[in-house]
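Q: Provided herewith is a single structure, encoded as C-alpha cells, for subsequent inquiry.
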Amino acid sequence: MYIEFYDVSETQDLTHLNGKMLSIRELYRHHMHHRPHWPEPPISIEQFETTKFHPYKFEGDGWKSWIKCFSLVTFLLCGHMPSKEEAKTIREYLRRLPNQFKRSMLDRRFALSFISYLFIGFKGHVHESFCNDANSIDALVEFTLSLCSSEKVLFSSFLCAHRDPKLDGKLNLLQSYIPAKKIRRAAALVLALVHNAHENIHGKVIFLQQGISTTATSSVFPEVTIEYLENAQMHVMIERLRYQFWHVSDIISSLHGTRASSRLITLDVLTTRIERFLKHRYGPKWQHMDFTSQAFEKDPIVEIAIHMVLPHIKRMMPFFSGTFQEAVLTRKAEIIQKNQSAAFRVGGKQLAEKVKGAIEWFMRQHSMTISAKAMYETTFFYLWGKYIGKFKNSFAIGFDREHDLFQCFAWKCGLESEKRVDELCQRVPLYARRNPSGREHGVLSDLSFRQFWR
C-alpha cells in the first residue's frame, strides 16, 4: 500500500518528499535516514509488515493490531501518536462510518493514509455539546463521506494577521518574520487530505489573508492598530501586512500536488461582500442601527449576532463605545495628518494615500454601533457558509485562532440558505488542532496547526 506523502511534522525534515507516492517501508527508510534526532518509532518496519488487521472489524486482538500500525504511520507522518483516550475516539469514528462506505472505501490504505492525516490534523470528541478545541465525531464522519463522494473539490480557509509572541505583558504587534515551516505544514495538511481521499479527486485549496488595501485593519485587533496609529507608524503596519501576505503566498503556492494546488488570495474578496450584503439587507445606514430592537425579531442573522456574538464584542470595550469614539475618533484629522506625514517621508505620496485610506476605513468601522459590529462578525461566517453551500463539493477548514459556537451557528445558517437539509455535505467547518504550547514529539493532542506561528 502507498501514501501520497506530505510532511506535517514540526521539524519538516522530509518536505522534499511532499507529493510523492511512498510505501510505508520507503517512508520508514527516509525517516531513519533524515531524522536521526527523532525518538525511536513505536514498532519496527518488520513488525508493521507482519501485523495483520482488518480495516474496520476488530475481533480478538484486532483493535490492538490496528492501533499499533496506525500509531506507527502517524509517528512517521508527524512525530506524534494517539493517546489511549484518542484511540477510543478514533474507534468511535470508525464505528459511525456507514457500513456501505466501509465496505466500498475503508481498506488498509484508506485507514493508514486518509484517516491518519484526518486525526493528525483534527481532534475529535464524542460529547453532544460544543467543544472549542475539538470537532464532533459526527462532523468528522460527515466531512469524510462528503469529501470521498466528490471528485472536483474546493477548500477554503481564513488566516488572521500574524502577531509576535506576547512578552512581559507588552502588546504584541504584527510579526516581521513568520517561520516558513509553520505555514508549510498547515497547507500540507489540507493537500494530504485531498490526495489521500481517493485517486480521482482533484481541485483547489484557497487561503484568504489580509493584504495591503483600505481594509488593512480588518483582521487586526483594535488595540494593535491604535498602537501603530498613536506612534505615527501606520505605514509600518501596512508594510508588515504586505510582507506577511507575500511571504505566506510564496510558501503556500510552492507546495505542489499532482491533483490539487494551493494559493493565497486577499481577504478583501470577502470583506467587500460583507459590507455589500449588510447594506443591501438592512439599508445604507446599517452601521449606525440598533439591532437589539424588536424590529429585527425572527431574523436569524440578528438573533445569532445579539444572543451569541454581542457578549464577545462587549469584551472588546472600550472599542465600539462612546469612550473610545471620544478619545480616538474625534482626533481623526490629527491622527491622519501625523501618520500621512510619516508615510510620505518613507514612501512618498502613494504610501501616504494608502495610509489615509486604511485609517479612514478603521475609523468608519469603529464609529458603528456595538450591535452593528456584532452583525459584521456574524455575517463573516454566514457568508462563508453561504458560499460553501452555493458551490458544489466545497469544504471549509479553520486555521485561525478562534473557534466559537457562534461561528458554527452563523456558518451553518449561511450554508442552509443554499443547501437542502438532507443533502450530503459538510455541515460545520472543521477546526484544526490548537495547542499553543505544542511540542515536536508526543501524543496527537500535543500537535497544533492553528495560528500560533511564532
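The values are calculated or read from the model by the stated rules, or taken from the named source; none is laboratory data. Since this is a predicted model, take the numbers as computed values, not measurements. Cβ coordinates were reconstructed from backbone atoms using ideal geometry, including for glycine residues, and neighbour counts include every protein chain displayed.
Q: Of all residues in segment 157-187 being at pLDDT 90 or above and of a type in the set (Lys, Arg), which is farthest from the chain's Cα centre (by Cα)?
A: The extreme case among them is LYS181.
Q: Is it the case that some residue within segment 239-252 is farther than 15 Å from ALA187 by Cβ, touching a residue at least 40 places away in the same chain (Cβ under 8 Å) and in contact with a helix residue (DSSP H, G or I) (Cβ under 8 Å, 6 or more places away or on another chain)?
A: No, segment 239-252 contains no residue that is farther than 15 Å from ALA187 by Cβ, touching a residue at least 40 places away in the same chain (Cβ under 8 Å) and in contact with a helix residue (DSSP H, G or I) (Cβ under 8 Å, 6 or more places away or on another chain).
Q: Now for a different question. Working carefully through the options THR50, THR74, find the one that is modelled with pLDDT of 95 or more and farther than 30 Å from SER149 by Cα.
A: THR50
Yes/no per residue for (1) of a type in the set (A, V, I, L, M); (2) surrounded by fewer than 15 Cβ atoms within 10 Å (Cβ to Cβ):
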position: TRP384; (1), (2): no, no
position: LEU405; (1), (2): yes, yes
position: PHE409; (1), (2): no, no
position: CYS413; (1), (2): no, no
position: LYS419; (1), (2): no, no
position: LEU424; (1), (2): yes, yes
position: VAL428; (1), (2): yes, no
position: ALA432; (1), (2): yes, no
position: PRO436; (1), (2): no, yes
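Q: So, in segment 275-299, how many residues would count as being farther than 15 Å from MET368 by Cα, surrounded by 15 or more Cβ atoms within 10 Å (Cβ to Cβ) and modelled with pLDDT under 95?
A: 2
Q: In addition: Among the candidates GLU360, GLU377, which residue alone is over 18 Å from the mean Cα position of the chain (by Cα) and of a type in the set (Asp, Glu)?
A: Just a single option satisfies the conditions, and that option is GLU360.
Q: I want to confirm something. Restricting to segment 215-245 and keeping residues that are among the small types (Gly, Ala, Ser) and at pLDDT below 95, which single residue is surrounded by the fewest Cβ atoms within 10 Å (Cβ to Cβ)?
A: Filtering segment 215-245 for residues that are among the small types (Gly, Ala, Ser) and at pLDDT below 95, the one surrounded by the fewest Cβ atoms within 10 Å (Cβ to Cβ) comes out as SER219.
Q: While we're looking at this one, here's another question. From the list GLY389, GLY438, which one is at pLDDT below 95, among the small types (Gly, Ala, Ser) and over 18 Å from LEU208 (Cβ atoms)?
A: It is GLY438.
Q: Right, something else. Please identify the pairs in which a residue from segment 1-18 that is hydroxyl-bearing (Ser, Thr, Tyr) has its Cβ atom under 9 Å from the Cβ atom of a residue that is surrounded by fewer than 24 Cβ atoms within 10 Å (Cβ to Cβ) and part of a strand (DSSP E or B), counting only partners at least 6 apart or on another chain.
A: From residues that are hydroxyl-bearing (Ser, Thr, Tyr), the pairs are TYR2/MET21; TYR2/LEU22; TYR2/SER23.
Q: Which ones in segment 72-104 are surrounded by fewer than 20 Cβ atoms within 10 Å (Cβ to Cβ) and either over 25 Å from the mean Cα position of the chain (by Cα) or among the basic types (Lys, Arg) (or both)?
A: LYS84, LYS88, ARG91, ARG95, ARG96, PRO98, ASN99, GLN100, PHE101, LYS102, ARG103, SER104
Q: Among the residues of segment 386-427, which ones are touching a Lys or Arg at 6+ places or on another chain (Cβ under 6 Å), within 24 Å of HIS307 (Cβ to Cβ), not in a helix (DSSP H, G or I) and not charged (D, E, K, R)?
A: Hit for segment 386-427 is SER417, nothing else.
Q: Additional query: Take the conditions of a type in the set (Asp, Glu) and either modelled with pLDDT of 90 or more or over 26 Å from LEU97 (Cα atoms) (or both) and apply them to GLU423. Does it pass?
A: Considered against the rule, which asks whether it is of a type in the set (Asp, Glu) and either modelled with pLDDT of 90 or more or over 26 Å from LEU97 (Cα atoms) (or both), GLU423 comes out as no.
Q: Restricting attention to segment 396-406, does a residue exist that is among the β-branched types (Val, Ile, Thr) and either touching an Asp or Glu at 6+ places or on another chain (Cβ under 9 Å) or in contact (Cβ under 8 Å) with a residue 40 or more places away in the chain (or both)?
A: yes
Q: Does PHE449 satisfy being touching a residue at least 40 places away in the same chain (Cβ under 8 Å) and out of contact with any strand residue (DSSP E or B) (no Cβ under 8 Å at 6 or more places or on another chain)?
A: yes
Q: With respect to THR258, determine if the residue is closer than 30 Å to PHE5 by Cβ and modelled with pLDDT under 95.
A: Against the criterion (closer than 30 Å to PHE5 by Cβ and modelled with pLDDT under 95), THR258 qualifies.
Q: Determine whether GLY348 is of a type in the set (Gly, Ala, Ser) and more than 26 Å from MET237 (Cα to Cα).
A: For GLY348, the condition - of a type in the set (Gly, Ala, Ser) and more than 26 Å from MET237 (Cα to Cα) - is not met.
Q: So, one more: Would you be able to tell me the number of residues in segment 208-222 that are closer than 22 Å to ARG345 by Cα and part of a helix (DSSP H, G or I)?
A: Residues flagged as closer than 22 Å to ARG345 by Cα and part of a helix (DSSP H, G or I) within segment 208-222 amount to 0.
Q: Looking at THR225, THR292, can you tell me which residue is among the hydroxyl-bearing types (Ser, Thr, Tyr), farther than 27 Å from TYR387 by Cβ, in contact with a Ser or Thr (Cβ under 7 Å, 6 or more places away or on another chain) and not in a helix (DSSP H, G or I)?
A: THR292
Q: Looking at LEU154, LEU191, which is the one that is modelled with pLDDT of 95 or more, among the hydrophobic types (A, V, I, L, M, F, W, C), surrounded by fewer than 23 Cβ atoms within 10 Å (Cβ to Cβ) and within 16 Å of the chain's Cα centre (by Cα)?
A: LEU154
Q: Could you check segment 283-304 and list, in sequence order, the residues that are touching a residue at least 60 places away in the same chain (Cβ under 8 Å) and hydroxyl-bearing (Ser, Thr, Tyr)?
A: Selection gives THR292 alone.
Q: Could you please find all residues in segment 368-379 being surrounded by fewer than 23 Cβ atoms within 10 Å (Cβ to Cβ) and within 17 Å of VAL269 (Cα to Cα)?
A: Across segment 368-379, the qualifying residues are TYR376, GLU377.
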